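Enquirer: I'd like to ask some things about the structure below.
Each value in this text was obtained by applying a stated rule to the coordinates, not by laboratory testing. Note that this is a predicted model, so its numbers are computed, not measured. All Cβ positions, even for glycine, are placed from backbone atoms using ideal geometry, and neighbour counts span all protein chains on display.
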Amino acid sequence: MIESLLVANRGEIARRIIRTAKRLGIRAIAVHSEADADLPFVAEADEAVLIGPANPALSYRNTEAILAAAKATGAQAIHPGYGFLSENAEFARTVEAGGLIWVGPDADAITAMGDKINARNLMAAAGVPVAPGTTDPAADLDAAVTAAAEIGYPVMVKAAAGGGGMGMGVAVDEAALRTEYDKVRAFAERMFGDGSVLIERYFPRVRHVEVQILGLADGRVVALGERECSVQRRNQKLVEESPSPAVSPELRVRLLAAAVRAGEAVGYRNAGTVECLLVPRQRDSEGDVPGSEDFFFLEMNTRLQVEHPVTEYVYGIDLVEEQLRVASGLAPTFDPDALTPAGHAIEMRINAEDPKRFLPGPGVVKTWVEPAGVGVRVDSGYTEGNTVTPFYDSLMAKLIISGATRDEVLERAKEAVAGFQVVGPKNNLPFFAELLDNEEFRSGAYDTGIVSRMR
């Protein structure tokens with residue numbers, strides 16, 4: 001097992017990784033910006049290194065500073081968490097070239113799945129269903145218009161190098177496409193340094209379901225169930241649950257098998273997520289339902305996901321520990337041939353944002369009282385007296401609720417939300433209170449438009 005681990009991240013995920021590392025007897029090393037010096041993850045690490053000012057480009061994305069910290073502290077491995085450098089193939093290569101262990105998939109897999117068009121083509125070749133779309137970048141507006149006419153409106157205009165819900169627009173006709181194409185391309189060039197654009201069929205009523213995969217040290221890829229992620233604002237997730245109330249046993253078999261094929265197609269190792277869209281089944285002229293049109297590959301996230309705790313509850317494992325075991329060349333703690341999910345879990349992202357328009361609302365945390373009880377877990381990055389700054393993502397904590405059934409989890413979640421007290425920064429706890437009383441959500445028959453319908 002790895003003996004010393006540098007966590008190249010911040011906030012709740014850094015604290016989460018440090019917790020598992022210390023439980024396993026691994027020396028945990030934190031890196032932090034000047035703005036984060038007083039956060040809990042810094043105090044809880046065995047050692048902490050200041051790597052730069054608040055600007056993430058000069059700290060959490062500063063590869064030279066992070067590698068220098070690893071060398072100075074004698075770190076044996078680097079865990080990137082999610083965001084920042086977690087899906088940066090060049091950083092992964094640099095880490096390994098420096099003789100350190102990268103806790104994640106290898107750089108080639110990150111590169112292969114980082115471009116949405118390349119990823120689509122790889123998945124199609126592996127027999128994973130993909131939505132109708134372009135197999136090459138739409139080189140210019142005329143190419144985009146031609147592609148959209150062949151695919152059929154409405155279409156999604158996507159930045160090929162995008163992720164996290166960024167760099168996307170919907171066009172219902174050619175006039176809208178002309179506007180969205182220029183907008184997405186400019187955004188992609190500015191944010192990702194790559195203006196390549198993908199045109200793909202847009203489905204107005206869909207569910208967003210993802211599969212947790214784990215590439216083991218012996219070369220096998222296993223699927224650890226699915227997560228429902230359809231409660232979103234601005235294409236970014238707010239709530240995740242496992243198992244999905246939309247997935248039947250028959251669909252689950254096909255969905256998980258496709259995710260395994262996706263991982264195998266790129267020789268995947270460590271934790272990753274295969275994201276899919278579930279669409280209403282379309283009947284053909286004879287009234288039959290084609291069996292391959294109920295889910296499509298969306299993208300693969302080559303890292304640990306924010307929402308990994310719901311899978312941990314359902315499968316009774318620690319995904320960070322499994323990541324460390326894979327990186328160390330060790331077998332998993334579970335039997336890959338006897339995976340037995342049980343119960344239900346829901347995660348809510350507690351963000352520093354107003355609960356109506358979801359605009360950021362940073363500030364000093366004057367009161368922070370976390371709920372407790374059976375089936376209640378809080379992964380937090382802040383506590384009373386800390387400051388939520390505008391420099392980073394607005395996520396303050398994750399409230400994870402588990403139980404034997406979905407109904408039990410929903411009732412526990414209502415109590416937990418009511419008992420979570422945050423004063424200072426704006427927060428979206430009132431939104432979750434509203435959601436948990438929403439009949440559409442409680443029925444389980446919701447889709448990605450639920451938040452807009454609530455507003």
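Enquirer: If the chain between ALA342 and GLU90 were fully stretched, how many nm would it gain, using 0.36 nm times the residue separation less the Cα-Cα distance?
Expert: My answer for the length gained is 86.9 nm.
Enquirer: Starting from the Cα of LYS116, draw a straight line to each of the lysines and keep only those under 29 Å, dropping any in the same chain fewer than 8 residues away.
Expert: Filter leaves LYS158, LYS183, LYS237, LYS398.
Enquirer: Expected output is a single nm value to one decimal: the length gained when fully extending between ASP173 and VAL364, i.e. 0.36 nm times separation in residues minus the C-alpha distance. What is it?
Expert: My answer for the length gained is 64.2 nm.
Enquirer: Label points 7 Å out from Cα along the Cβ direction at THR387 and ARG453: separation in nm?
Expert: Computed distance between label sites THR387 and ARG453 equals 4.3 nm.
Enquirer: Can you give me the relative contact order of segment 305-455 as a percent, contacts being Cα pairs under 8 Å and 6 or more apart?
Expert: Normalised by residue count, the contact order of segment 305-455 is 26 percent.
Enquirer: Return ILE78, ILE117, ILE151, ILE110 ranked ascending by Cβ neighbour count within 10 Å, so the fewest neighbours appear first.
Expert: ILE151, ILE117, ILE110, ILE78
Enquirer: Then there's this: Treating only the Cβ of Lys, Arg, Asp and Glu as charged (+1, +1, -1, -1), what charge dipole size does segment 321-396 show about its Cα centre? Round to the nearest 20 debye.
Expert: 340
Enquirer: Quickly work out the GLU440-to-TYR153 label distance, labels modelled 7 Å from Cα along the C-beta direction, and quote it in nm with one decimal.
Expert: Going from the TYR153 label point to the GLU440 one covers 2.5 nm.
Enquirer: Could you work out how far apart the two model spin labels at VAL253 and ARG19 are, taking each label as a point 7 Å from the Cα in the direction of the beta carbon, and quote it in nm?
Expert: 3.7
Enquirer: Moving to a separate point now. With 10 angstrom as the radius, rank THR387, THR340 by how many other C-beta atoms surround their C-beta, starting from the fewest.
Expert: So the ranking, lowest neighbour count to highest, is THR340, THR387.
Enquirer: About its Cα centre, how strong a charge dipole does the chain have in debye, to the nearest 20, once Lys and Arg get +1 and Asp and Glu get -1 at the Cβ?
Expert: Using only the charged Cβ atoms, the result is roughly 700 debye.
Enquirer: Determine which residues of segment 337-379 fall in the zone a paramagnetic label at MET166 would reach in this model, i.e. backbone nitrogen under 19 Å from the point 7 Å along Cα→Cβ.
Expert: Answer for this model: 351-353, 358-362.
Enquirer: Residue by residue through segment 377-386, what is 3J(HN,Hα) from phi via Karplus (6.51 cos²θ - 1.76 cosθ + 1.60, θ = phi - 60°)? Round to whole Hz and write x for glycine and proline.
Expert: Along segment 377-386, the couplings run 9, 10, 9, 10, x, 10, 8, 4, x, 6 Hz.
Enquirer: Could you pull out every residue, at least 5 positions away or on a different chain, whose amide H is within less than 5 Å of the one on ASN386? Hs are placed 1.01 Å off N in the peptide plane, and Pro or chain starts have none.
Expert: Amide H to amide H, under 5 Å and 5 or more residues apart or across chains, ASN386 pairs with VAL365.
Enquirer: Further, regarding this structure: Hey, of [x] 173; [y] 150; [z] 140, which did the structure itself give for volume of the Cα convex hull per residue in Å³ when calculated?
Expert: Among [x] 173; [y] 150; [z] 140, the one calculated here is [z].
Enquirer: Please get the size of the charge dipole for segment 1-81, origin at its Cα centre, with Cβ charges of +1 on Lys and Arg and -1 on Asp and Glu, quoted in debye to the nearest 20.
Expert: So the dipole magnitude of segment 1-81 works out to roughly 280 debye.
Enquirer: So between VAL423 and MET1, what do we pick up on full extension, going 0.36 nm a residue minus the alpha carbon distance?
Expert: Here the answer is 147.8 nm.
Enquirer: So for the chain, taking the charge dipole from beta-carbon charges (+1 Lys/Arg, -1 Asp/Glu), which of ASN55, ALA65, GLY215 sits furthest toward the positive end?
Expert: ASN55
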